[in-house]
Amino acid sequence: MTIASELADHPRRAEIRAWLETNPSPSGRQLAEAGLVAPHWPEPWGLGAEPALQLVVDDELRRAGVRRPDNTIGIGWAGPTIVHAGTEAQQERYLLPLLAGEEIWCQLFSEPGAGSDLASLTTRATLDGDEWVIEGAKVWTSYAHRAQFGILLARTDPDATKHTGISYFICPMDAPGITIRPLVDMTGTHTFNEVFFDEVRIPRENLVGDPGQGWSLGKVTLANERVSLSGAGALWGMGPTAEDLLAAVRAGGGTTDPLMRQRLAGLWIEGEVLRLLRMRTVAAAVAGVPPGPEASVRKALADDHGRHIMELARDLAGAHAMVSNTGPMPGAPDAGGWPDAMWSFGFLFSPALTIGGGTAEVQRNIIAERTLGLPHDPQV
């Protein structure tokens, strides 16, 4: 049986489709209570779904035109860690509102002096009676200005080794003593923030897991990924694809520049390689095979590919690329199905693709060491 036929004949497809027909415009809370937001989570928050059922749920949601709540850090990272190590009280309090998108979450990991070397963080948490007192600073915190809660790593044992003295907390973002300062990037938008903690007090019960378990729980947070057939867009799975750019060029009458034509052909080839890697990853997941090296390779290739898409779109636009709301083929509205504003945003945002979420250099070191078996960098 092929993967396509296995998914088409999945025994629960009719059940999910019937639910969506009965609930054609479900709220985030309804989706969460039905287990459709994170179907791979255990019941009662998910369906305990194996990869094939996850893909079926994704497929039926797309078919019905239903979108999941937007709470990337909460659903993708915070929630799975609370499921893994949170107390029953923490799970009851946080998981359903998180899944429903009623409470937005941020991640308080990176620090001004501890980015790629996360274990060198210096933010302190000191127990004072029934409260933890937090002192320190975090940086590059996405959506801190919108979030109700954050997952926080802080050092609770300064005398322990740097990996064993860290603990993991749930931090209310409206706690007294928290100051949030925006970091506006060159797109003109405000996503990132600096966050400062000045004697911030959070309840003792907001510790997740045991004291000193923060490093291992942080790895749980960063390892959680959901199997999905979506995510081909240039901007970390969002926005235009290479095919969208090619469609825009066709709609605009094409190009006679031989160098541009060669770059467009190369871009299409890159997109096909990434599509096949993605399908290989999905096929392995459906078959119950652990992720192979293609997952790491795909991450490294996808970031470069996203930059290539936007750089070529900018070069096609020429001087117009420096003007707000200008697409790759000036005069052709909604190029490739995307408004000009998205292309214009992508021109400016794309340099971040090989930096955010782990730099391209760090990603290649991981591939070299863990996939190819090459030696670690020498200690200086």
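Details
- Residue count, the range 269-284 (criterion: surrounded by 13 or more Cβ atoms within 10 Å (Cβ to Cβ) and either at pLDDT 80 or above or not in a helix (DSSP H, G or I) (or both)): 6
- Exactly one residue out of Trp140, Trp77, Trp105 is out of contact with any helix residue (DSSP H, G or I) (no Cβ under 9 Å at 6 or more places or on another chain) and of a type in the set (Phe, Trp, Tyr): that is Trp140.
- Residue check: Ala287 meets all listed conditions (1) exposed (fewer than 13 other Cβ atoms within 10 Å of the Cβ); (2) at pLDDT 90 or above but one, namely (2).
- Of the candidates Tyr168, Tyr143, the single residue that is under 30 Å from Ala341 (Cβ atoms), buried (at least 16 other Cβ atoms within 10 Å of the Cβ) and in contact (Cβ under 8 Å) with a residue 60 or more places away in the chain is Tyr143.
- Scanning the range 11-22 for residues being surrounded by 15 or more Cβ atoms within 10 Å (Cβ to Cβ) and either over 10 Å from Val66 (Cα atoms) or at pLDDT below 95 (or both) gives a total of 5.
- One residue stands out in the range 146-165 among those that are among the charged types (D, E, K, R) and in a loop (DSSP other than H, G, I, E, B): the one that is surrounded by the fewest Cβ atoms within 10 Å (Cβ to Cβ), namely Asp159.
- Qualifying positions in the range 188-210 - surrounded by 16 or more Cβ atoms within 10 Å (Cβ to Cβ) and outside any strand (DSSP E or B): Asn206, Gly209
- Residue count, the range 137-171 (criterion: within 22 Å of the chain's Cα centre (by Cα) and more than 18 Å from Ala85 (Cβ to Cβ)): 11
- Restricting attention to the range 93-132, the residues that are of a type in the set (Asp, Glu) and at pLDDT below 95 total 2.
- Helices (runs of 4 or more DSSP H) contained entirely in the range 1-96, each with at least 3 residues that are among the aliphatic types (A, V, I, L, M): 3-8, 13-22, 51-64, 79-85
- Restricting the range 54-103 to residues that are of a type in the set (A, V, I, L, M, F, W, C), crowded, with 22+ Cβ neighbours inside 10 Å and in contact with a Lys or Arg (Cβ under 9 Å, 6 or more places away or on another chain), the residue that is farthest from Trp140 (Cα to Cα): Val56
- Per-region count, the range 231-242, residues surrounded by fewer than 18 Cβ atoms within 10 Å (Cβ to Cβ) and without any contact (Cβ under 8 Å) to a residue 60 or more places away in the chain: 3
- Near pairs, Cβ below 7 angstrom, 6+ apart or cross-chain, from the range 301-319 (closer than 9 Å to Ala234 by Cα) to any residue that is of a type in the set (A, V, I, L, M, F, W, C) and not in a helix (DSSP H, G or I): Gly306/Ala234; Gly306/Leu235; Ile309/Ala234; Met310/Ala234
The values are calculated or read from the model by the stated rules, or taken from the named source; none is laboratory data. In this text, all values refer to a predicted model and were calculated from it rather than measured experimentally. Neighbour counts run over all protein chains shown; Cβ positions are idealised from the backbone, glycine included.
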